[in-house]
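Have a look at the structure below, then the notes.
FYI, it's all coordinate maths here, none of it is from the lab. Everything quoted here is computed from the prediction, not taken from an experiment. Using ideal geometry, Cβ is built from the backbone for each residue, glycine included, and neighbour counts are taken over all protein chains shown.
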Amino acid sequence: MSINILKHLEIMVPFTEDINRRVHGRGLEDGLDLSQKSIQKKLNGLEQEGILESETSGRTKQFSLNQENILTQKAVIMAELVKFYNLMSSSFEVKEIVGEVLNKTSSSFLVYGSFAKGNYDETSDLDILIIGKNGNGIVEINEKYSRDIHFMFISKKEFKEGIERNESYVNEVLKNHVICRGFENITSWRFEYG
């Protein structure tokens with residue numbers, strides 16, 4: 001019997017931080033507003049669908065993404081979309097800024113740092129990583145808002161190499177990120193090079 005993946009996306013969100021992550025149900029309790037029983041049921045359902053796989057060591061069952069299943073990548077993309085929706089719903093100012101960046105570039109980009117983590121305040125700057133060289137007119141967005149916006153530009157090649165080489169700055173960005181454009185591209189690069 002097939003599960004409704006939409007009801008299981010909250011379980012997939014922690015795997016967007018690290019696609020090689022291994023977790024057990026108790027390890028997810030802190031980040032989710034679900035009972036241990038519900039978490040375990042969802043993990044087992046995702047395993048039955050082949051999206052997750054597990055390994056048992058003693059009495060502990062650890063789950064990881066089944067990277068051989070094409071549906072796994074699509075489930076991660078859907079979890080990334082959930083994060084994007086939550087970011088855009090969190091603040092009118094962020095929605096305005098991200099909307100302007102979406103209008104000014106066709107490059108893939110993501111928000112990282114405190115806004116991606118959800119622990120920002122009035123003094124936090126908005127960190128945006130643009131993947132590609134299409135940055136014309138983007139930096140000027142900074143002048144329109146009182147919030148500091150920090151733009152970082154990286155080529156697709158540098159980004160892919162950063163994933164492949166396990167470089168700390170790319171890992172730090174990917175650990176706490178929200179993809180705003182390029183969901184499919186960024187996710188497939190992570191599966192291919194990570």
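A few remarks follow.
- Summed over all non-identical Cα pairs, the Kirkwood treatment of region 91-193 gives a radius of 13.9 Å.
- Taking amide hydrogens as placed 1.01 Å from N in the peptide plane, the amide H of Phe153 sits under 5 Å from those of Ile130, each at least 5 positions away in sequence or on another chain.
- Expressed per residue, the C-alpha convex hull volume of region 5-65 stands at 78 Å³.
- Sorted on the mean count of surrounding Cβ atoms within 10 Å across their residues, most packed first, peptides 29-36, 8-15, 184-191 read 8-15, 184-191, 29-36.
- Likely footprinting exposure, Leu126, Leu102, Leu43, fewest C-beta neighbours within 10 Å first: Leu102, Leu43, Leu126
- For region 45-67 versus region 124-168, the gap between their alpha-carbon centres in whole angstrom: 35
- Peptide ranges 111-121, 136-146 listed from the most packed, as the mean C-beta count within 10 angstrom indicates: 111-121, 136-146
- Among [x] 16.1, 56; [y] 17.5, 57; [z] 16.3, 53, the entry that matches Rg and Dmax of the Cα atoms in Å as calculated here: [y]
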